[in-house]
Amino acid sequence: MALTLRAIEPGDVPAAGRICHDAFRAIAAQHNFPPDFADPEVATGLLSHLNGHPGYYGVVAEIDGAVVGSNFVDERAAIVGLGPITVAPDVQNRGVGTALMTHMIERAARSRAAGLRLMQSGYHARSLCLYTKLGFVVREPLVNLQGPPLGTRIPGCAVRPATRDDAEACELVCHAVHGHERGQDLREAIDEGTASVVERAGRITGYTTQIAYFGHAVALTIEDLKALIAAAPSFGGPGFLLPSRNSELFGWCIDNGLRMIQPMNLMTIGLYNEPRGAYLPSILF
């Protein structure tokens with residue numbers, strides 16, 4: 001087996017997208033969970049977007065010249081978010097995943113990133129063991145939630161679309177909760193029209209890039225985060241991720257008709273501060 005890694009090219013995306021769909025579907029089916037991607041076109045569209053974005057870096061793994069897997073990292077902040085990583089089902093357990101992960105860990109180290117994070121499917125025992133072996137630490141158990149929009153309001157909290165003028169105040173909230181900011185991610189979401197802020201007494205107390213799989217949210221209090229979730233017009237993709245240790249917010253979501261899709265784990269290498277507020281991570285971190 002001649003395994004090589006190289007930077008992904010546009011021509012690799014169709015094969016990598018098909019593998020991404022097939023790999024997620026296969027492991028989900030083994031554990032009776034729904035797949036992350038409804039069809040290969042959805043996975044291919046995602047990888048095409050990541051490949052075309054200057055803030056992301058991607059690689060493919062080849063065996064004897066054929067693409068058998070891929071991996072991506074979001075490098076838009078001091079913290080690097082890793083994923084999706086996928087390996088073709090017929091070549092799994094042959095070192096391809098380890099090689100893809102090691103490549104990104106070494107890249108983050110060379111760039112002196114403050115930290116590296118990923119989301120691990122809680123039902124996938126092999127990946128949990130692999131990531132632990134490679135130095136990742138489980139920091140937070142998560143639940144993936146989905147359901148109809150809540151269409152309600154939280155008294156005292158006003159939610160509105162975010163503007164560029166809000167970015168600095170939002171970054172201060174993120175830094176207060178996490179100890180770092182995600183300014184580029186936030187500004188892109190503002191420009192795309194998906195970001196929202198919550199205010200109390202005329203002061204921004206939280207924001208979200210979107211209540212969705214690839215969106216994150218940060219708030220000073222649980223009530224602020226409830227307001228952002230309650231105002232969301234939908235929960236994009238497979239839903240959103242919520243730290244299950246936040247039992248008050250988890251219970252509130254369940255009481256309001258949302259359902260749990262799957263368990264997940266936030267895993268990290270490097271800088272990690274215990275959050276001092278309420279938050280929802282994206283599927284990257």
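What to note about this one:
- Restricting attention to segment 49-83, the residues that are among the small types (Gly, Ala, Ser) and either under 17 Å from the mean Cα position of the chain (by Cα) or in the same structural domain as Ile269 (by TED's automatic domain parsing) (or both) add up to 7.
- Checking Gly206, Gly215, Gly183, Gly236 one by one, the residue that is over 21 Å from Ile79 (Cβ atoms) and either over 19 Å from the mean Cα position of the chain (by Cα) or surrounded by 15 or more Cβ atoms within 10 Å (Cβ to Cβ) (or both) is Gly236 and no other.
- Annotation note: of Gly45, Gly156, the sole residue that is of a type outside the set (A, V, I, L, M), at pLDDT 95 or above and closer than 30 Å to Ala201 by Cα is Gly156.
- Residue among Phe240, Phe250, Phe285 that alone is in contact with a helix residue (DSSP H, G or I) (Cβ under 9 Å, 6 or more places away or on another chain) and not β-branched (Val, Ile, Thr): Phe240
- Note on segment 266-281: residues that are surrounded by fewer than 22 Cβ atoms within 10 Å (Cβ to Cβ), touching a residue at least 40 places away in the same chain (Cβ under 8 Å) and farther than 22 Å from Arg200 by Cβ amount to 7.
- Subset of segment 133-156 (residues that are more than 18 Å from Pro275 (Cβ to Cβ), touching a residue at least 12 places away in the same chain (Cβ under 8 Å) and not hydrophobic (A, V, I, L, M, F, W, C)): Gly135, Asn144, Gln146, Gly147, Pro148, Pro149, Gly151, Thr152, Arg153, Gly156
- Unmet criterion (only one of (1) touching a helix residue (DSSP H, G or I) at 6+ places or on another chain (Cβ under 7 Å); (2) small (Gly, Ala, Ser); (3) more than 17 Å from Phe214 (Cβ to Cβ)) for Ala77: (3)
- Verdict on Thr194 being surrounded by fewer than 16 Cβ atoms within 10 Å (Cβ to Cβ), over 30 Å from Val96 (Cβ atoms) and among the β-branched types (Val, Ile, Thr): no
- Residue list for segment 261-281, restricted to those being in contact with a Lys or Arg (Cβ under 9 Å, 6 or more places away or on another chain) and part of a loop (DSSP other than H, G, I, E, B): Tyr272, Glu274, Pro281
The values are calculated or read from the model by the stated rules, or taken from the named source; none is laboratory data. In this text the structure is predicted, and so the values were computed from the model without any measurement. Heads up, the Cβs are rebuilt from the backbone with ideal geometry, glycines too, and the neighbour counts pull from every protein chain shown.
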